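The values are calculated or read from the model by the stated rules, or taken from the named source; none is laboratory data. All values derive from a computational prediction rather than experimental measurement. Cβ: placed from backbone, ideal geometry, glycine included. Neighbour counts: every protein chain shown.
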Amino acid sequence: MIAIVRKLVLAASAACLLCATGAVASMRVNPLIIYMSPTAQGSSSVVQLTNVTDADLPVDVSVVKRTAVDGVEVDVPADDDFIIFPPQMIIRPGQTQTLRIQWVAGVVPPASESYYVYVTQVPAALQPGQSGVRVAYRFGVSVHMVPPRTQPDLRMVSISPATGPEGVAGFELTLRNDGTRYARMSEHEMTLGNKSWSRTDLKTAVGTGFMLPGQQRTFFVPYDGEVTTSSSVTLVQRGAI
């Protein structure tokens, strides 16, 4: 998936919310996507965290596993699947700290497993009598544990004509990933009758379109042609772009 950056406004009054509009990210995180293997050589990785401010930067690290419940992605704590070192740290101004990620779940999973390693800034406490906004940033590093010979397998569940935002014509396409590896719509080409979508076209239409193994999702695809519930699409995986 692609990386998550979320502002967590921890304390504020309505009168001073404008104070946060000029806030900028307090650290650089690299990389934001990691691919790992359950083999000994591929079961660890490192992330570089750089403090781009002129003050000490306390951060906290946690891990969640991305799971599909009734087709909806849900995050559940997964700290026992990894050793993260260090789990908390203070990064000095302008300095870079190495975060080490070691997979320790042990048993090779039958399908790929996806996680977020969240790196969260711990906001500085307000001084007594001080009012204002404390803004913390959380960066989600996407970690994918990919066993050998796993593959996605997107299957059409249903299709129906639909109208998107601002009255855009198109269709709703429900897909299920029956494969053993996460799938991305943007790794596929798609055809519907005489109409074809390249990987770039699909990425423009629906974004990355990330799906866990076993997950089912519905996407809106802009299209000005005829679509009925008996229409059918063909998806062919071509790899990442």
Report summary line: Exception for residue 137 within (1) hydroxyl-bearing (Ser, Thr, Tyr); (2) out of contact with any Lys or Arg (no Cβ under 7 Å at 6 or more places or on another chain); (3) in contact (Cβ under 8 Å) with a residue 40 or more places away in the chain falls at (2)
Query raised in the report: Within segment 1-56, can you find the residues that are in a loop (DSSP other than H, G, I, E, B), modelled with pLDDT of 50 or more, loosely packed, with under 15 Cβ neighbours inside 10 Å and not hydroxyl-bearing (Ser, Thr, Tyr)?
Result: 24, 25, 31, 52, 54, 55, 56
**Report entry** Residue match in segment 65-83 (condition: over 24 Å from residue 111 (Cβ atoms) and part of a strand (DSSP E or B))
**Finding:** no
